[in-house]
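The values are calculated or read from the model by the stated rules, or taken from the named source; none is laboratory data. It should be emphasised that the depicted structure is a prediction, and the values quoted were computed from it without experimental measurement. Quick reminder, even Gly has a Cβ in these numbers, built from the backbone with ideal geometry, and neighbours come from all protein chains shown. We work out accessible area using only protein heavy atoms, side chains counted, and drop any ligands, DNA or RNA first. Shrake-Rupley method; radii C 1.70, N 1.55, O 1.52, S 1.80 Å.
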Amino acid sequence: MERIAAMLAQLSEYIVTEAVKKEELLQHCQENAAGNQTWMTQNVPVEMVLAPPQSAITQVESLVQRFGENGIYQAQNHQLQPAIDAVFANQGEHLDLGYLARQVNLSPPYLSRLLRIEFGEPFSRVYAKLKIYWGKELLTQSDLSVAEISDTLGFVEPSYFIRSFKKITGTTPLKWRQGQRP
């Protein structure tokens, strides 16, 4: 009975959230149609508008700064905490959305939506950036080869790690490591 009540509470919360979003979108569209362009920057912090765009890694570094005193990322939505904890606890594995959804007893599409709200972009991008962030840490703090780091982070092939690293940082892991050493 408690599980049904919890499920109904989650469903109700989802329906209300979606209804509010729809209402805001409708209101913004009506304002835009009336020629009022101020809605585009409404509810956006001034720092975000004036700040230069962040690189992918800088975005992940700011994400990592949202850790609590105990070193554990504190999700804004408490439902997500077990999934996020699983990601950080299993850095050496590739965790898919289905696995994470089972950790929090949600459907993969709903978990995907919640994670997008939490991080502001699709989880797949955040996860890729996080893996590269961990790769940067290993490149800096260890003498492991690129292939060993790739294995440590759960990449199937070192070449995929190198391509992902270059796509996100703009350079290869070896060049990045060389730039970090005195």
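Observations on the structure shown:
- Phi-based couplings in Hz for region 158-170 (Karplus 6.51, -1.76, 1.60; Gly and Pro marked x): x, 5, 5, 4, 4, 4, 5, 4, 5, 4, 8, 9, x
- Surface calculation, 1.4 Å probe, protein heavy atoms: residue 168 sits at approximately 40 Å² accessible.
- Accessible surface, 1.4 Å probe, highest first, among residues 143, 151, 85: 143, 151, 85
- Accessible area per residue for region 128-182 is 58 Å², calculated with a 1.4 Å probe on protein heavy atoms, without ligands, DNA or RNA.
- Restriction of the GluC sites (Glu not before Pro) in region 85-182 to DSSP coil positions whose beta-carbon has at most 16 other beta-carbons within 10 angstrom yields 93.
- Value of D in µm² per second that Stokes-Einstein yields for region 68-131, Kirkwood Rh from Cα pairs, at 20 °C (1.002 mPa s): 181
- Size descriptor, Kirkwood hydrodynamic radius, that averages inverse alpha-carbon separations across region 103-182, Å: 13.8
- Extension reserve of the residue 172-residue 88 stretch, reckoned as 0.36 nm per residue once the Cα distance is removed: 27.8 nm
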